[in-house]
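*Asks:* One structure is given below, represented as structure tokens, and several questions about it will come after.
Throughout, read-outs are computed from the coordinates displayed, never taken from laboratory work. Everything quoted here is computed from the prediction, not taken from an experiment. Backbone-built Cβ (ideal geometry, glycine too); neighbour counts: all protein chains shown.
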Amino acid sequence: MHRGRGRLAKRWIYWKRRYSNPLPKDWVLLVCLLGVIVAAGLTFIEFRLGAFVLALVPAGLAFMRAMPAPWSEYWVNRSRGVDITTMLLFSGLLVAVSLVVPETR
């Protein structure tokens, strides 16, 4: 005979406790995910528009990384300059690739 809570009930309790009070990191991840989804939707309208919106996601992350202490505490054990440079370089490359790709219409 089975006593106590089952596996699903224990897992449900864990997930409810873990995600009932989301951390600021979770909100940043959610905003990035929404940015990628919006960019994917705009790609069906215009390819370059979707690419520009997609390039805004790492540029926004670079901007957040450059801000003072309470906003830039999502990253640990990494160099601030390298993070900002990498994200801005990636954003610039996305814009450059979107401008190089010829229109098919």
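*Asks:* Pick out the one residue from Arg48, Arg80, Arg65 that is in contact with a helix residue (DSSP H, G or I) (Cβ under 9 Å, 6 or more places away or on another chain), more than 21 Å from Leu33 (Cα to Cα) and not polar (S, T, N, Q).
*Replies:* Arg80
*Asks:* If a residue must be without any contact (Cβ under 8 Å) to a residue 24 or more places away in the chain, of a type in the set (A, V, I, L, M) and within 13 Å of Ser91 (Cα to Cα), how many such residues does the stretch 40-68 contain?
*Replies:* Number of matching residues: 1.
*Asks:* Looking at the stretch 55-62, can you tell me whether even one residue there is among the hydrophobic types (A, V, I, L, M, F, W, C) and touching a Pro at 6+ places or on another chain (Cβ under 8 Å)?
*Replies:* No, the conditions are met nowhere in the stretch 55-62.
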